[in-house]
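Heads up, the thing below is written out as C-alpha cells.
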Amino acid sequence: MKILTAEQLSEADKRTIERQNITSEELMERAATLVFNEIHNRLNGAPIPIKVFCGIGNNGGDGLVIARHLIQHGYHVTIYVVNYSDKRSDDFLANYEKLKSITNDWPQLIKGEDNFPEINTGDFVIDAMFGIGLNRPIEGWVAKLVGLINDSKAFTLAIDMPSGLFSDKVPGNDAAVIEADFTLSFQAPKLVFFLPETMDYVGDLQILDIGLDREFLAEIKAPIHLIEKVEAASLYKPRKTNSHKGDYGHVLIVGGSYGKIGSVLLTATAALKTGSGLCSLYIPECGYNIVQTGLPEAMVLTDKDSEQLTTYPEDFEADVVCFGMGAGTSQKTVGALEDLLNSVKEPVVIDADGLNILSNNKKLLDLLPKDSVLTPHPGELKRLIGEWQDDFDKLEKAKDFSKKYDVVLVIKGAHSFTIKGDEIYVNNSGNPGMATAGSGDVLSGVITSLLGQSYEPLSAAILGVYLHGRSGDFAASELGYESVLAGDIAQNIGKAVKDLFQSEMKDSERN
Ligand SMILES: NC(=O)C1=CN([C@@H]2O[C@H](COP(=O)(O)OP(=O)(O)OC[C@H]3O[C@@H](n4cnc5c(N)ncnc54)[C@H](O)[C@@H]3O)[C@@H](O)[C@H]2O)[C@H](O)CC1
Ligand SMILES: [K+]
C-alpha cells in the first residue's frame with residue numbers, strides 16, 4: 001500500500017471530486033459515515049458518554065458528521081467546537097447547520113480554558129480537531145485542552161490523524177499531540193504512523209478506503225510503501241514440483257565466537273526453515289560439536305582458531321554468504337571479513353558484529369558487493385551513518401548511505417524499514433514479543449535463505465522482514481509476548497509462508 005503525503009491526499013481529494021462528480025461535502029459524508037460504522041460496530045449501542053472535539057476545518061467537519069450519525073442512533077453525544085479560529089471551512093459550516101434538524105443540544109463552544117469540560121476516564125473521546133491540515137504546532141489553550149484529554153486517560157479515537165501530529169515532520173519536544181488509543185485514517189497511511197518517534201501517538205491503526213479516485217491513486221508516484229500480506233505474497237516464488245535441493249540455494253553462514261555459537265545456530269535454523277536447499281556454517285573450532293548436535297541438517301567447516309574467526313574459506317562455493325552474528329570484532333576477525341569481501345562477488349548479508357566491523361573500518365564498505373543487504377538495529381545504524389536529528393533526518397541519511405555504497409539497508413525496529421536508494425518499504429508485521437535475544441540472527445537467516453533461492457536482494461529483504469514478523473506473530477499468539485524466544489520465531493516460519501495465501505487471520509491469532 002502506498003504511504004502518501006498530505007499534499008498527495010489533498011490532490012487525490014480534488015481529483016475524486018472532479019472525476020466522481022461529487023461535492024466535497026458528499027466526500028466528507030462518505031468518509032465520516034465509514035468512521036461512524038466502525039464505531040457503531042464496536043460500541044453496539046453502549047450507553048457510554050461520547051465527547052466529540054471538533055476543530056473548525058474539515059477534520060472538525062468529519063467530527064460533526066460522525067456526531068450526527070451517533071446521535072441519530074441513540075448514543076449519548078456531546079459535541080465541542082474547539083474554536084481556535086473563526087475561519088470555519090464550508091463543509092464544517094454545512095454540517096453544523098445539519099445538526100439543527102436532529103438535535104436541540106447545540107454544540108458547546110470552547111474559546112479558552114474557562115470553557116473546558118470535565119473529561120472522565122470512562123468517556124469515549126473523539127478527536128476531530130486537526131487532521132492533515134495542521135501547519136504549525138498547537139499552542140496556547142488548545143495545547144492545554146490536548147493535555148487535558150491525554151491526562152483524562154479516556155479512550156481516545158483520532159480521526160484521520162491524532163491532532164498535533166504532522167504528516168511530514170516530527171513534533172518538537174513538549175509539543176501538544178493527542179495520544180490516541182485508536183486512529184481511523186482515510187485512504188492511505190501516513191509515514192509518521194510508523195516512525196519510532198511518533199508511532200506511540202497513533203495507538204491501533206485502521207485505514208479506511210473512502211473510495212478516492214483509483215486511477216489517480218494507481219498513478220501517483222510514492223517512494224514509500226507499507227508492506228502487508230498482499231504485498232509480501234506478490235513477491236513469493238512458488239516451488240516447482242519437479243525440483244531438488246540444488247534448486248533452492250546453498251547458504252554459508254559465517255560467524256560465532258566462544259560463548260556466542262548459539263547465534264549462528266539460530267541463523268542456520270532460520271535459513272533451513274525458510275527453504276534453503278543446503279546450509280553450511282563457517283565457525284571457530286569451539287562451535288563444532290554444538291552445531292553438529294544442535295542442527296544435524298547443517299554442514300560445518302571450522303576456522304583454525306578455536307575461539308574466533310580469523311580467515312575465510314576462499315574456494316568454498318556457496319550461492320550466498322552471511323556474515324556477522326556472534327563474530328566479535330577482534331582484529332583477526334576484521335581480517336576474516338576483509339578476506340570474505342575480497343573473494344565474494346555476489347551480494348552478501350551483513351549483520352551484528354559484521355556491521356560493527358564495517359563501522360570501525362569504513363574502508364571495507366567500498367568492498368561490499370553491489371546490492372548486499374545490511375541489517376542494522378538503531379545502535380548499529382548510528383555507528384554506520386552517524387547521529388541523526390530526528391526520524392526524518394535518519395531516513396535521509398540512510399537513503400544517502402544506501403546510494404553511496406549501493407546496498408539495501410534494513411533498519412530493524414517495531415516497524416522495520418527496508419531502504420534502497422530513494423525507495424522505502426515499511427513493514428507492518430511483528431509484535432513486541434520479538435524484542436528478544438537472537439531475533440535479529442533469525443532475520444538474517446531468513447533474508448540469506450531467500451537470496452540463495454534467487455530472490456532479488458531488495459525482494460529478499462522486504463519479504464524476509466515480513467515473514468520474520470509474521471512468524472513472530474504466530475509464535476506470540478501461541479506463547480504470549482513474554483515467552484517468545486528467537487528459536488520460536490524460526491520454528492514458525494513455515495506457518496508464516498503458508499499464511500501468505502490464506503485470507504484474514506482469525507481473531508485468536510491477532511496480536
Ligand atoms: N483527504 C481526504 O481524504 C479527506 C479529508 N477529509 C478531512 O479533512 C481533513 C483536512 O482538513 P483541512 O480543513 O484541510 O485541515 P484541518 O481540519 O486538519 O485543519 C484546519 C485548519 O486549521 C488551520 N491550522 C493549522 N494548524 C493550526 C494550528 N496549529 N493552530 C490553529 N490553526 C491551525 C489551517 O488553516 C487548517 O486548514 C483531513 O484530515 C480529513 O479529516 C475529508 O473530510 C474527507 C476526505
Ligand atoms: K484528528
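Spin-label model, S306/D114: points 7 Å from Cα along the beta carbon direction are separated by 8.4 nm. Rg of the Cα atoms in the stretch 22-144, relative to 2.2 N^0.38 Å, amounts to 1.01. For the stretch 246-256, the Karplus equation 6.51 cos²θ - 1.76 cosθ + 1.60, evaluated at θ = phi - 60°, returns couplings of x, 7, 10, x, 10, 9, 10, 9, 10, x, x Hz by residue, with Gly and Pro reported as x. Taking the DSSP bridge list for the chain and keeping only pairs wholly inside it, about 15 percent are antiparallel.
Note on the stretch 463-481 and the stretch 191-252: Cα centroid distance 16 Å, given to the nearest whole angstrom. Between the helical axis of 90-99 and the longest alpha-carbon principal axis of the chain there is an angle of about 60 degrees. Axis of helix 331-343 versus longest Cα principal axis of the chain: the two differ by about 90°, to the nearest ten degrees.
Scanning residues 5 or more positions from A176 or on other chains, those with amide H under 5 Å from its amide H are I138, with H placed 1.01 Å from N in the peptide plane.
Do any GluC sites (Glu not before Pro) in the stretch 192-227 lie in a DSSP loop with no more than 16 other beta carbon atoms within 10 Å, and if so, which? Those satisfying the criteria are E197. Positive end of the dipole of the stretch 6-222 (Cβ unit charges, origin at the Cα centre): among I210, G164, F130, the Cα lying farthest that way belongs to I210.
Hey, could you grab the Kirkwood Rh for the chain? Inverse mean 1/r over distinct alpha carbon pairs, Å, one decimal. Mind dumping the intermediate values first?
Details: mean 1/r = 0.0402 Å⁻¹.
Radius from the Kirkwood sum: 24.9 Å.
Charging the Cβ of each Asp and Glu at -1 and of each Lys and Arg at +1, and nothing else, the dipole of the stretch 6-222 about its Cα centre rounds to 260 debye. Among the listed pairs K229/K345; K273/K363; K153/K190; K237/K362; K2/K420; K169/K363, a Cα-Cα separation exceeding 28 Å is found for K229/K345; K273/K363; K237/K362; K169/K363. Computed from phi, the 3J(HN,Hα) profile of the stretch 61-69 under the Karplus parametrisation 6.51, -1.76, 1.60 (θ = phi - 60°) reads x, 4, x, 5, 5, 4, 4, 4, 5 Hz, with x in place of Gly and Pro.
Residues in the stretch 18-23 carry Karplus couplings, in order, of 5, 6, 8, 6, 10, 8 Hz; the curve used is 6.51 cos²θ - 1.76 cosθ + 1.60 with θ = phi - 60°, and Gly or Pro positions show x.
Read the figures in this text as sums done on the coordinates, not as results from a lab. Since this is a predicted model, take the numbers as computed values, not measurements. As a convention, Cβ positions derive from the backbone with ideal geometry for all residues, glycine included, and neighbour counts pool all protein chains shown.
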